[in-house]
Each structure stands twice: as C-alpha cells, then as structure tokens.
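The values are calculated or read from the model by the stated rules, or taken from the named source; none is laboratory data. Predicted model only: the values in this text are computed from it and were never measured. FYI the Cβ positions are ideal-geometry reconstructions off the backbone, even for glycines, and counts take in every protein chain you see.
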Amino acid sequence: MHHFHYVEKKLHCEGVALETLARKFGTPLYVYSQRTLAEHFQKLDRAMAPVDHLVCFAVKSNSNLAVLRTLADEGSGFDIVSGGELARVIAAGGDARKCVFAGVGKTTSEIEFALRRGVYSFNVESEAELQRINAVAGRLKKIAPVALRVNPNVDAHTHAKITTGTYENKFGIAFEQVEAIYARAAKLKNLRLRGVQMHIGSQLTSVAPFEQAVRKVLPLVQRLQAKYALEFFSIGGGLGIVYDPALASGAANWWQTKAAKNILTPQKYATRLLPLLRPLGLKILMEPGRFISGNAGVLVTRVEYVKRTGKKNFLIVDAAMNDLIRPAFYDAHHEILPLTQKSGAIISSDVVGPICESGDYFCKDRPLPKLGEGDHLALLSAGAYGFVMASNYNTRPLAAEVLVNGRKAAGVRRRQTVKEILADEKIAPWAK
C-alpha cells in the first residue's frame with residue numbers, strides 16, 4: 001500500500017496534489033510520501049516482533065537526508081555500503097551503532113571512519129578484507145565487530161544484475177569455506193566475531209528463496225554460534241514490491257485485487273521464516289531497501305513534445321535516463337500516470353527522454369491517454385534506485401526532491417544548476 005491516489009481526477013501524494021508541486025518546484029521532480037515510508041518500515045518491524053530484531057534500511061536504495069531522518073525517527077538501523085553513506089546517516093540523525101557496513105571493496109579510510117564512529121558490524125566479503133579490518137583496528141587500538149557474509153549458492157530467480165547469492169556473483173564467501181575462515185579470524189586479536197550475514201538478491205517476490213537460503217545456512221550458524229558466542233544472524237534484504245500495476249485506476253481497494261494477493265508481504269515473510277529463526281535465540285537483522293522506499297516515491301515529468309512517426313507515438317518528456325536509469329539499465333517497468341485523469345482515446349505510446357541515446361526511454365508501446373505538450377506524468381514506484389543512481393550525463397542538472405507529510409510539503413533537495421556542475425572543473429594551465 002502507498003499514498004499516491006487520485007482525488008477529483010488529480011493525482012495526489014498524501015494530501016497534496018502533485019500538479020501543485022510541479023508548478024512550485026519544477027520538473028523533473030522526485031516526490032516522496034513520508035507516511036508510506038513510515039508504514040512500510042512499521043509493517044516489517046511488527047511482523048518480526050516475535051524475535052529480537054533490527055531492521056536496517058539499505059541506504060543505497062534512497063539516501064536523501066529527509067528520508068533517512070524519517071526512518072531514524074521510526075527506530076531504524078541502516079545498511080551502508082560506503083563511508084559516504086555512513087556520513088549521510090549521521091548527518092540525518094541516525095545512530096552509527098545501529099549501522100552494518102556491507103560492500104566488497106571497503107577502503108582503509110572507510111574502515112577507519114566506521115571504527116571511529118562505532119558501527120555495529122562490518123559485513124565482511126573476503127578473507128583479505130578481514131585482514132585489513134584487523135590491521136586498521138590494531139592501529140587504532142580498537143576491536144572491530146565483524147560478521148562474514150555467507151554466499152549460500154542459492155539462485156534467487158531475480159534479474160541477473162541484482163542477484164547476489166550464487167558463486168557466479170562477486171559477493172560473500174563460499175559456503176564451504178566459511179567455517180575455516182571463522183577459525184582463522186578467531187585468532188586475529190583486533191576482531192570480535194559478532195554474527196553471520198547473508199543476502200541472496202533484490203526484488204524477490206516469493207518467500208521460497210529466502211526460506212531455502214535460511215534452511216541451508218541455519219546449521220552453519222548454529223555451529224558458529226556454539227563456538228564463538230555470536231550475537232546476531234542477518235538474513236539480508238531483497239523483499240520485492242509491486243511495479244505493475246502500482247496503482248489500479250486509482251482504486252482505493254487495490255490491496256484486495258488478485259494481483260495484490262500474490263505479492264510477498266511482511267506477514268507472509270515472517271510466517272515462513274520465524275519458525276526457523278526463533279529457536280536460534282540470536283538477534284535477527286534484516287536489510288530491506290526497496291520494500292520500504294520503492295513505492296514511497298514518484299518521478300514527475302512534463303511532456304515537452306508529441307512526435308508521431310509512421311509507426312510510433314512518442315511522448316518526449318523532460319526527465320531522462322540520467323534521472324531514472326532503471327528502465328534503460330534493467331528493462332524495468334514503472335507505471336506511468338497523468339497528473340490529471342483523462343477520458344477518451346487511449347494511444348499506444350513510447351515515453352522517452354531528451355538524451356541522445358536510443359536507450360533513453362521509460363516505456364514502449366504503453367497504452368496511455370491522449371496527451372499534449374505541457375501535460376505532466378508521474379512515474380510510480382521510483383522511490384528506490386531512482387535519484388540515488390542519477391547522473392549529470394549530457395550535463396543535465398540533478399532533479400529536485402520533495403517530501404510530503406499529510407498536507408505539508410517541503411523541498412528536501414533543491415534543483416542543481418549547470419553552474420554547480422561546472423564548478424569543480426577547470427581548463428588545463430597549458431591550454432592556449
């Protein structure tokens with residue numbers, strides 16, 4: 001469920017018309033629903049209540065300070081993959097002691113920063129990384145808390161670019177090697193073996209791969225727990241969301257439709273996994289991103305031109321693949337709706353951006369209402385892996401971002417200017 005809906009034919013975020021925001025802040029424009037963010041966090045948090053647990057929001061999915069503050073206020077921990085993301089969490093008022101630091105390429109300076117800030121654990125991806133963390137901790141006269149990331153070699157049956165749990169992927173340590181590496185890690189003086197971690201992929205819409213991975217890793221966790229007095233078991237993130245349709249004709253009872261009944265909910269997730277996890281007696285960590293932020297955001301864009309060829313109807317909009325790369329990168333589906341509901345003819349249309357790439361499109365041959373120059377569209381389900389993956393390709397400024405809370409709306413990132421893009425560049429001194 002999310003809080004984007006039509007009211008008197010105008011698409012709203014909570015109590016604010018998106019058309020009003022487009023006029024005030026311009027386009028392209030990201031708009032986030034604070035209520036949706038909070039409710040999605042709360043649903044997962046409540047579902048896992050029977051065990052000691054911590055939900056760590058994956059900052060890589062949406063790192064806007066206002067989004068992070070919303071979740072920090074709900075009691076969220078954070079899953080970070082860089083020193084920069086840790087700095088963002090701290091700037092947003094989050095607690096570094098509730099952060100887990102993931103990622104395959106942690107630098108010495110990032111490890112040092114995280115140790116000084118007191119992160120809860122490093123999710124370690126290789127034995128070489130263990131050695132580096134131990135050395136840095138020794139130099140700082142600290143004890144570094146670590147958990148090895150187990151690669152269970154379980155196929156999550158998701159998109160090839162977001163699967164992480166097989167031996168074809170760069171992530172984690174092979175299941176068969178883990179116990180031996182824990183034994184060697186236990187001899188390193190500046191490490192504390194705090195837990196075990198796994199993550200098998202993103203945008204999983206069935207609980208079966210989660211259950212398969214947990215069942216495979218559980219006996220290993222139990223053996224490690226007995227030897228090293230571990231504190232937690234992290235089962236990773238990856239809970240998927242509904243992209244198609246994200247909103248069905250503005251129907252208030254969408255959650256009761258057949259499509260909705262087939263999706264993975266926190267309750268289904270917990271019902272299958274809790275009986276396996278509860279007997280462990282360990283703290284359970286989860287690292288969801290998309291589930292919390294995905295359907296909490298939209299990208300608003302303006303139709304600049306309508307171009308008709310012999311075969312196609314193109315809606316050329318002012319947003320582009322630099323603003324939202326998911327369709328170009330993953331062939332991802334985003335529902336696209338006009339900010340004002342329209343009746344009449346439905347036209348098969350391609351919604352495309354202005355960038356000089358054939359891959360710069362948001363949909364192809366999509367049935368859409370007849371639209372004209374100056375009309376506005378919303379690309380739904382853009383709250384995860386949207387702005388965070390944006391770039392300045394074609395020297396296009398980054399979009400503005402807005403957070404809505406009920407009938408209130410605040411700009412939480414102003415639109416970048418071309419002058420700011422150029423500010424850090426200069427002509428080489430030998431140029432004529």
May I ask you to list pairs of residues, at least six apart or on different chains, whose Cβ atoms are under 6 Å apart, with the first in the range 180-193 being under 15 Å from residue 128 (Cα atoms) and the second being of a type outside the set (Gly, Ala, Ser) and at pLDDT below 95? 181/127
Requiring at least 3 residues that are modelled with pLDDT of 95 or more and under 25 Å from residue 148 (Cβ atoms), the helices (runs of 4 or more DSSP H) wholly within the range 249-300 are 266-277
Can you tell me which of 8, 85 is among the acidic types (Asp, Glu), buried (at least 17 other Cβ atoms within 10 Å of the Cβ) and either modelled with pLDDT of 95 or more or under 19 Å from residue 195 (Cβ atoms) (or both)? 85
Can you tell me which condition residue 35 does not meet? The list is (1) touching a His at 6+ places or on another chain (Cβ under 6 Å); (2) without any contact (Cβ under 8 Å) to a residue 12 or more places away in the chain, and all the others hold. (2)
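So which residues in the range 335-358 are assigned to a strand (DSSP E or B) and among the β-branched types (Val, Ile, Thr), if there are any at all? Let's see the steps before the verdict.
At the first step, the residues of the range 335-358 found to be assigned to a strand (DSSP E or B) are 336-338, 340, 346-352.
Selection gives 336, 340, 346, 347, 351, 352.
Just the residues that are under 17 Å from the mean Cα position of the chain (by Cα) and surrounded by fewer than 24 Cβ atoms within 10 Å (Cβ to Cβ), please, taken from the range 18-32. Working first, answer last.
Step one: of the range 18-32, the residues under 17 Å from the mean Cα position of the chain (by Cα) are 30-32.
None; the set is empty.
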Out of all the residues in the range 368-419, which are buried (at least 24 other Cβ atoms within 10 Å of the Cβ) and acidic (Asp, Glu)? 401
Filter result for the condition that a residue is within 18 Å of the chain's Cα centre (by Cα) and farther than 20 Å from residue 240 by Cβ, over 381, 391: 391
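So if I check each of 357, 373, which one is under 23 Å from residue 396 (Cβ atoms), out of contact with any strand residue (DSSP E or B) (no Cβ under 8 Å at 6 or more places or on another chain) and of a type outside the set (Gly, Ala, Ser)?
Details: 373 fails: out of contact with any strand residue (DSSP E or B) (no Cβ under 8 Å at 6 or more places or on another chain).
Just a single option satisfies the conditions, and that option is 357.
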So residue 140 fits all but one of (1) at pLDDT 95 or above; (2) out of contact with any strand residue (DSSP E or B) (no Cβ under 8 Å at 6 or more places or on another chain); (3) closer than 16 Å to residue 123 by Cβ; what number is the exception? (3)
Under the condition of being buried (at least 23 other Cβ atoms within 10 Å of the Cβ) and in contact with a helix residue (DSSP H, G or I) (Cβ under 6 Å, 6 or more places away or on another chain), which residue from the range 319-338 is farthest from residue 396 (Cα to Cα)? 321
What are the residues in the range 339-358 that are among the acidic types (Asp, Glu) and crowded, with 16+ Cβ neighbours inside 10 Å, if any? 350
Regarding residue 307, is this residue surrounded by fewer than 16 Cβ atoms within 10 Å (Cβ to Cβ), touching a strand residue (DSSP E or B) at 6+ places or on another chain (Cβ under 8 Å) and modelled with pLDDT of 90 or more? yes
Pairs, please: C-beta under 9 Å, at least 6 apart or cross-chain, first residue closer than 14 Å to residue 101 by Cα and in the range 113-142, second among the acidic types (Asp, Glu) and assigned to a helix (DSSP H, G or I)? 122/129
If I ask for residues that are charged (D, E, K, R) and under 24 Å from residue 30 (Cα atoms), which ones from the range 44-67 would you list? 60
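For the range 71-82, give me the residue count where each residue is crowded, with 18+ Cβ neighbours inside 10 Å and either on the phi > 0 side of the Ramachandran plot or over 15 Å from the mean Cα position of the chain (by Cα) (or both). Write out each step before concluding.
Taking the range 71-82 first, the residues crowded, with 18+ Cβ neighbours inside 10 Å are 71-72, 76-82.
Still in the list and also either on the phi > 0 side of the Ramachandran plot or over 15 Å from the mean Cα position of the chain (by Cα) (or both): 72.
Total meeting the criteria: 1.
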